[in-house]
Amino acid sequence: MAEAPYAYAGLDRLFHERARLGIVTSLAGHVDGLGFSELKALCGLTDGNLNRHLAVLEEAGLVTLDKGYTGKRPLTRCQLTDAGRLRFAEYLEVLQDVLRKASRVGAVGRGLNEEPA
């Protein structure tokens, strides 16, 4: 059976969903994590949507949720785990491969490059 070069099995479905991609990208840029409200604002999600997606990511061991208080106000801090950072980096590598292949195919279609060997 021939290899399927455009199957992209490495596009981890946990990340390859618009809301979760936004959550993980936001957290990747904040090593110390983000408060729930900050994350909600960055991703443009409702409380319920953010809670559901965080639960999926937490269940997979990709994020931690630390519930506490700031003064008398409740605060949930969301942070990528080391495993989450590693898996997200692996996901991004596969995504970069997708972009490289798409760019080559597009360039060939426009007559800008020769077909890759």
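Assorted remarks:
- Test: residue 31 is closer than 17 Å to residue 85 by Cβ, of a type in the set (Val, Ile, Thr) and touching a helix residue (DSSP H, G or I) at 6+ places or on another chain (Cβ under 8 Å): no
- Restricting region 65-87 to residues that are among the β-branched types (Val, Ile, Thr) and free of Cβ contacts under 8 Å to residues at least 24 places away in the same chain, the residue that is nearest to residue 22 (Cα to Cα): 81
- In region 7-54, of all residues being touching a residue at least 24 places away in the same chain (Cβ under 8 Å), under 14 Å from residue 65 (Cβ atoms) and small (Gly, Ala, Ser), the one that is surrounded by the fewest Cβ atoms within 10 Å (Cβ to Cβ) corresponds to 35.
Computed from the coordinates by the stated procedures, all read-outs in this text should not be read as laboratory data. All values derive from a computational prediction rather than experimental measurement. Don't worry about glycine lacking a Cβ; one is built from the backbone with ideal geometry, like all the others, and counts go over all protein chains shown.
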